[in-house]
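To start, the structure itself, in C-alpha cells.
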Amino acid sequence: MSTPLGPAAEAALAELQRAKIRHEVFAREGETFTLRWRGGQWERRHALRAGVACRLAGGGTRGFAAVAGIAAAAGRDAARAALASAYPGPDPLPPRAMLGSSTVPPRPDAPAAGQAESFGVQLADALASRSLRVEEIRVITGWSRALLVTGEGFAGTANAGGALIEVRAACGQLPASVVHRAVPALSEPLAARLVEAVAGTGDLPPLLAPPPRGLYDVLLAPEVAAHLLLALLDLLGTSPRRRREISPAWGLEDARCGPDGLLPLPFDGEGIPSRRVVLLAGGRLGNPALTWQEAGGIAERAGGAVRASYADPPASRPANLVMAGGTVSSRELAAAMADGWHLRAMAGGVRLDRARDRLVLPALGVRLRAGDAVQVWPRVELRAGCGRLLAALEAAGDDPASASLRAAVTTPSLLFRQLEIG
Amino acid sequence: MAAPDRPADALAAFQDLLEKTPAPRPEDIYLERTAEGWWRTADGRVTEQGVARRDGVAVRRHGRLDSSDATDRVTLGRLLRASPHLVPPVFLPEPPPLPDPREWLASLGPGEWTLRWRWRWAAVVRRQSGAVLARPALLEVEARDGQRALAVLPLAADWRPPRPTVDGRGPAPRGRPLILLAPAVAAALVHEVVGHSLEGDLVAAGLSPLASGSPRPRFALPLDVTDDPTRWDLPGAFAMDDEGTPGRPRPLLRGGEPAGVLADRTTAACLDAPAGSARRGGVHAPPRPRISNLITRGRGSPLPDLRRQARLEVTAVRAAAFDLATATVWLEVRSARALHRGEADRPLPSFTLHAPLATVCRGVLACSAETQATAEPGWCRKDGDAVPVGSDAPWLLLDGLEVG
C-alpha cells in the first residue's frame, strides 16, 4: 500500500490476521477548507479528517470499532477494540466473490484552498455590485480518499472531491433565503449563475397577502427539488408500497457508478462494485440497494452501503441520486402553468409525517400566471402525500444542478400538477 | 522528549510552546478525545453494536481554525507552524471502559431501541492558562418511532425513557386555540426564542430580534430565564467553557425582558458582556456562544387551572426552529391531545404550530408552579455543529400560536 493511509490500515490488518477470523479494514483520509463571510468578516477553517475502522466476523460473533488517526497505533487500536467488543451475531461481511471495483469517470482535481479564496472574493464582489443584502457566503472545498481492504485479498481505493457554495442573501423586501450548489470544480460562470439565482427575485412584485390554501401547479427549482426527492425516498422506504399510479415523467436513479451526478464511486461502503440502481422510472418503482446483511445475501439487492464517515458502519442509503433531465427550459415549464407557484429556494427543513405518508416542504414561492410573476411570498408550504407526488409529476427541465445533502442529488426543475400550497 | 505523565505537565508544555510559535501566534490550542459506544437492541437483546474513538487537535488564530484528527507531532507542528521537534507529545487520557448496556435495557422495556454512550475529554491551552474541560458522560436513547432522550450518566433514579408517540385520529386542530405546553415543549420554545436570540454572535451582528428589535420585545408574563452550565443533572453542563472560562449562570430574561447575552471571548469584548458560554461542536468547529441548560421560572399557577383554560395540550415535539429571517418560531408537534374542561379528550394527529416572535411574547399568559428538568431539545444544531443542551421549565399557557 503506497497511500498515506498505509500505516493505520497495515497495522489493523496485521492485528486482525493474527485473530484468524474474517475481517475488513476501511480507512479514510480527507481535507476540507471552509471560507465563510459573515458580519463583514472572513473566517477560515482547514480540517484534516482521518481514521480507520475494522469489521470482523467469525465463530458466531461480529465486531465493529473505529479510531481516529493515520498512524499505525490507530489501526492497532481499532483492530483490538473490534476484537474486544465482538458480540454474538450473524456475519455481516459480503463474500470475496462479491467484491470489486467499477469504472467511474475521471474527475477534476478538487479545488485547492487558494481557488476557494479567489472564488469567494469574486463572488462577494459580484454580489455587492448587485446591491443585495448578503448575510453569509460559504465556500467549502475538499477531497477524500478511502481504502477498503479485506482479509481475503480485496483492496480498493475510492476518491472524491468537489466544492459546495452557499449564499444567504436577500433582495428587495424579501427576507434572506439560501442558494446552495455542489460542483466538482469552481469557475467564473458558476459565480455569475449564483449571483443570478440570488438576485432573481429582486424585480418581483412587492409582497401581497399570504396565499390562500389551494391546489396549484407547482414548479420546483433544482435545489428545492433535491430536498423533495430525498424526502420522497424516505417516505417510500417507510412502508411496503401497493400498486400505485406513477407518472412516466419520473426517471430517478441512484447512479452510484456515474457517469452522471456529483459523486460516482467505484464500490459501495462494503466493497461491492457500484451500479446504477433504478428507483423510479418507466411508471414503476424500483428497489433501493441495501447493505449485504439487509439484502439477506441476495446479490441483486446488495451494493447500497454508504459510510457517512470512517467511524460509521456501512448503512443502506442512496449515494448519487440523479433525476433525468428533460428538453424544456424552466422558463417554458413556467409558461405552461396557467396559475401556479414557482418554489425558488428552501425556507426551512422538509417535515415528514411517516404515519400519514405525507410531507410538508417550506419554500420561497413566486406566484405565476401564464408564466408571469405576480406575487412573491417568503414562505409557502407545499403539502403532499407520497401517492400524489408519484402521480403528479408532469415534466422535468433541462437545467440540472447538484446539491450535497444527506446524499449527492442532481436534479433539474420539476413541474407537478395540482399540489396543495398553503 | 518523554511523554508527560500528568495532564497538567502536558498543558504546561503546550503553554510553553505557544510562546515560541511564530506570529501570528495562536489564540489557543484545543485537544479532544471522545469515545462513543452504540447498541441496537430488540426486546432486551443487543442485535448490533460498535465503538468509536475520535482524537483531535485544533489551533485557533484570529479568523482561522486549523484542525486535525491526527495528533502526532508532525501534524501538530504543521498546525502550529513550528518544528515537530519543539512539539511535546500529545497527552490524551484513556476513555473509561465501555459500559454494559444491560444496566439500561431493564428500564427501557420491550421494543427496539438504539443506545449511544458518549464520553469526552478536552483541554484548552492559552498563553496564560491551561484547563481540562469537564463535561458529564451522556446516554442517548432513541425509540423506533424516532423519539429521542438525552440523559446525564449515571441515570437519575426517576429517569424514564421517551414515551411512545400516540398516533391521534380525527381532524387536526385549526386556528389559534389556547394551548398548554408540557415542560419539554415549553423548554424547546424558550430554547429557540430566548436562548438562540441572545447568543452573542447574533446579537453582535445585529441579527437578534429579541436584542435589537424596535420596540424591544418584552414577554407579557414576567418570566426569568437563566443559562446555567452548573446544573450537572442536565446534558449541557460544564465547569469551564470551551475557551477555558469558568462556567457561571447567566441571566438572559428578567421579568420578561432581555437581561443578558451568551458570549464567548470575542463577542464578550464587543458587547461588554462576561464570557463563559463558548462551546465547540467538536474539534473541527470553532468555539461560538451557545446555550448550555436553560432554566425558566415564573410566578406559577396551579397546573389544573391552566388545564381548564387550554383547548390543547402539547406533550412532545419532533423539532423546533426559530427562523431569524422572519422572526417566526415553528414547533413540529409529535404528541398532543384535545382538552375539554381540563380533562384529556382525545389524542390528536401531528401538526405544526407557528407564530411571529411578537405574538409569542404577547401570548405567554401563564406558567405552572411546578417545573421539570428535561433533556429537551437534547442536541442543539447551529451552523451544522451540535452540542448537548438541557432545560428546566414549567408548563406554559400560550395564546396566538397558529396551527397549520
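Some values worked out for this structure:
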| read-out | value |
| --- | --- |
| Span per principal axis, largest first, for the Cα atoms of the stretch B:93-176 (Å) | 63, 39, 21 |
| Neighbour net charge for residue A:319 - beta-carbon separation under 12 angstrom, K R +1, D E -1 | +3 |
| Per-residue Cβ neighbour rank within 10 angstrom, fewest leading, B:351, A:267 | B:351, A:267 |
| Rg [Å, one decimal], Dmax [Å, integer] - chain B, C-alpha atoms | 22.8, 75 |
| Cα-based Rg of the stretch A:208-298 normalised by 2.2 N^0.38 Å, two decimals | 1.36 |
| Model label zone, residue A:329; criterion: amide N under 15 Å from point 7 Å along Cα-to-beta-carbon; scope the stretch A:386-422 | A:397-400, A:413 |
| Residues A:257, B:367 arranged by fewest to most Cβ contacts within 10 Å | A:257, B:367 |
| Residues A:369, A:276, sorted so that the one with the fewest Cβ neighbours within 10 Å comes first | A:369, A:276 |
| Column: log10 I(q)/I(0), Debye, Cα scatterers of the stretch B:238-375, q = 0.10, 0.12, 0.14, 0.22 Å⁻¹ | -0.48, -0.68, -0.89, -1.42 |
| Axial C-alpha extent at least 18 Å, average Kyte-Doolittle at least -0.5 - helices from chain B (DSSP) | B:7-20 |
| Chain B: most fluctuating residue of B:363, B:50, B:37 per GNM, C-alpha cutoff 10 Å | B:50 |
| Solution diffusion estimate, µm²/s, Stokes-Einstein, the stretch B:307-347, Kirkwood Rh from C-alpha pairs, 25 °C, viscosity 0.890 mPa s | 215 |
| FRET efficiency, residue A:278 to residue A:315 (Cβ-Cβ, R0 30 Å, nearest 0.05) | 0.90 |
| Alpha-carbon Debye profile of the stretch B:110-244, log10 I(q)/I(0) at 0.09, 0.16 Å⁻¹ | -0.45, -1.16 |
| For the stretch A:366-413 and the stretch B:205-233, distance of Cα centres in Å | 37 |
| Rough spin-label spacing in nm, given labels placed 7 Å along Cα→Cβ, for residue A:355 and residue A:418 | 2.9 |
| At R0 = 30 Å, FRET efficiency that the Cβ-Cβ distance of residue A:109 and residue A:43 yields, to 0.05 | 0.75 |
| Translational diffusion of the stretch A:155-215, µm² s⁻¹ [Kirkwood Rh, Cα pairs; Stokes-Einstein; 4 °C; 1.567 mPa s] | 89 |
| Label-zone membership for the stretch A:370-392, site residue A:245, 7 angstrom Cα→C-beta point, backbone N under 17 Å | A:384-392 |
| Stretchable slack from residue B:269 to residue B:341, in nm (0.36 nm times residue separation minus alpha-carbon distance) | 20.7 nm |
| Rh (Kirkwood; distinct C-alpha pairs) - the protein assembly as shown, Å | 28.2 |
| Coarse-grained scattering of chain A at q = 0.08, 0.10 Å⁻¹, given as base-10 log I(q)/I(0) from a Debye sum over alpha-carbon atoms | -0.50, -0.75 |
| Per-pair calculated FRET efficiency, R0 = 56 Å: residue B:297 and residue A:14 via Cβ, rounded to 0.05 | 0.40 |
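Every number in this text was worked out from the coordinates using simple rules, so none of it is lab data. Not measured: the values here are computed from a predicted model. Every residue, glycine as well, gets a Cβ built from its backbone with ideal geometry; the counts of neighbours run over all protein chains shown.
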